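The structure appears right after this line, and notes come after that.
The values are calculated or read from the model by the stated rules, or taken from the named source; none is laboratory data. Bear in mind the structure is a predicted one, so any value in this text is a computation, not a measurement. Here the Cβ positions follow ideal geometry from the backbone for every residue, glycine too, while neighbour counts run over all protein chains shown.
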Amino acid sequence: MSEIENFEEKQKSSQLIFDGKVLHLYRDEIYLPDGREAFREYCRHIGAVCVVPITDEGEIICVRQYRYPLASVMLEIPAGKLDSKTEDPKEAAIRELREETGATCQKLTYMGKYYSSPAILDECIHMYMAEGLEFGETDFDEDEFIEIVKIPVDELVGMIMRGEVHDGKTQAAVMRAAFEIGSRG
């Protein structure tokens with residue numbers, strides 16, 4: 001057991017190193033819980049949403065898209081960043097679902113928050129499950145090239161368990177949705 005009762009680190013100073021469109025990189029001087037000084041480098045992000053769209057046939061609608069930092073095509077659930085820090089995540093989830101899949105939903109269930117890399121990034125991804133889907137036209141962002149894929153829930157869970165789905169938010173949200181569906185009996 002640790003002798004330190006308070007693990008909080010206190011900011012001494014903060015310096016904005018890079019101010020980009022999506023990421024904002026900081027270097028902060030801090031006080032550790034034992035009083036020593038150290039520094040932390042981290043990125044601030046506006047926040048995001050992801051949606052597990054489940055069809056009446058028990059399929060999850062996923063998207064395939066190229067992810068430049070990984071130089072790879074990734075299988076993911078629909079997701080996107082908030083338009084502003086004050087945007088309602090539920091409204092953003094409805095928007096991203098429609099833009100990336102063309103779907104609207106009758107039921108949208110909040111499944112919690114996901115922090116992908118809390119040691120270096122403050123991005124909070126709000127996870128949702130969408131049911132009662134009706135389909136219309138997609139509205140991809142100008143720089144998005146997406147393939148829509150429908151995968152049965154059990155098959156996608158199997159792919160996650162075999163390590164075939166590498167995106168963390170997709171893993172977490174799909175497993176939560178599968179648990180939710182399974183707990184309904």
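Does V73 qualify as being surrounded by fewer than 13 Cβ atoms within 10 Å (Cβ to Cβ), of a type in the set (V, I, T), under 30 Å from G163 (Cα atoms) and within 25 Å of the chain's Cα centre (by Cα)? Steps first, please.
Numbers: surrounded by fewer than 13 Cβ atoms within 10 Å (Cβ to Cβ): yes; of a type in the set (V, I, T): yes; under 30 Å from G163 (Cα atoms): yes; within 25 Å of the chain's Cα centre (by Cα): yes.
Yes; evaluated as a whole, the condition is true for this residue.
For the range 76-108: of the residues being assigned to a strand (DSSP E or B) and in contact with a helix residue (DSSP H, G or I) (Cβ under 7 Å, 6 or more places away or on another chain), which is nearest to G168 (Cα to Cα)? Step through it out loud before you land on a result.
First pass over the range 76-108, keeping only residues assigned to a strand (DSSP E or B): 76, 79-81, 103-108.
Next, only the ones that are in contact with a helix residue (DSSP H, G or I) (Cβ under 7 Å, 6 or more places away or on another chain) stay: 76, 79-80, 103-105, 108.
Details: E76: 9, A79: 12, G80: 14, A103: 23, T104: 24, C105: 24, L108: 21 Å.
If we take residues in the range 76-108 being assigned to a strand (DSSP E or B) and in contact with a helix residue (DSSP H, G or I) (Cβ under 7 Å, 6 or more places away or on another chain), then E76 is nearest to G168 (Cα to Cα).
Residues of the range 164-185 being within 13 Å of the chain's Cα centre (by Cα) and of a type in the set (A, V, I, L, M), which ones?
A172, A173, V174
Would you pick out the residues in the range 14-31 that are assigned to a loop (DSSP other than H, G, I, E, B), under 22 Å from K113 (Cα atoms) and free of Cβ contacts under 8 Å to residues at least 24 places away in the same chain?
The answer is L23, and nothing else.
Can you pull out every residue in the range 148-185 that is more than 23 Å from T109 (Cβ to Cβ) and exposed (fewer than 11 other Cβ atoms within 10 Å of the Cβ)?
R162, G163, E164
Touching a residue at least 24 places away in the same chain (Cβ under 8 Å), surrounded by fewer than 11 Cβ atoms within 10 Å (Cβ to Cβ) and not assigned by TED's automatic domain parsing to the domain that holds E164: is that true of D34 in this structure?
yes
List, please: which pairs have Cβ atoms under 7 Å, are six or more places apart or on different chains, and start with a residue in the range 130-151 that is in a loop (DSSP other than H, G, I, E, B) and end with one that is exposed (fewer than 13 other Cβ atoms within 10 Å of the Cβ) and small (G, A, S)?
So the pair list comes out empty.
Does D88 satisfy being out of contact with any Leu (no Cβ under 7 Å at 6 or more places or on another chain), modelled with pLDDT under 95, more than 28 Å from E164 (Cα to Cα) and surrounded by 10 or more Cβ atoms within 10 Å (Cβ to Cβ)?
Criteria not met by D88.
Quick one: in the range 126-142, of everything that is closer than 15 Å to Q65 by Cα and within 19 Å of the chain's Cα centre (by Cα), which residue is surrounded by the fewest Cβ atoms within 10 Å (Cβ to Cβ)?
D141
Looking for whichever is modelled with pLDDT under 95, closer than 21 Å to K81 by Cβ, surrounded by 10 or more Cβ atoms within 10 Å (Cβ to Cβ) and of a type outside the set (D, E, K, R) here; the options are L23, L16. Which one fits?
Step by step, each of L23, L16 is checked, and only L23 is modelled with pLDDT under 95, closer than 21 Å to K81 by Cβ, surrounded by 10 or more Cβ atoms within 10 Å (Cβ to Cβ) and of a type outside the set (D, E, K, R).
Based on this model, can you work out whether V52 counts as exposed (fewer than 13 other Cβ atoms within 10 Å of the Cβ), within 28 Å of I160 (Cα to Cα) and either among the hydrophobic types (A, V, I, L, M, F, W, C) or not assigned by TED's automatic domain parsing to the domain that holds M175 (or both)?
No.
Considering each residue of the range 12-31, count those that are under 27 Å from the mean Cα position of the chain (by Cα) and either of a type outside the set (D, E, K, R) or in the same structural domain as A172 (by TED's automatic domain parsing) (or both), and give that number.
Count: 11.
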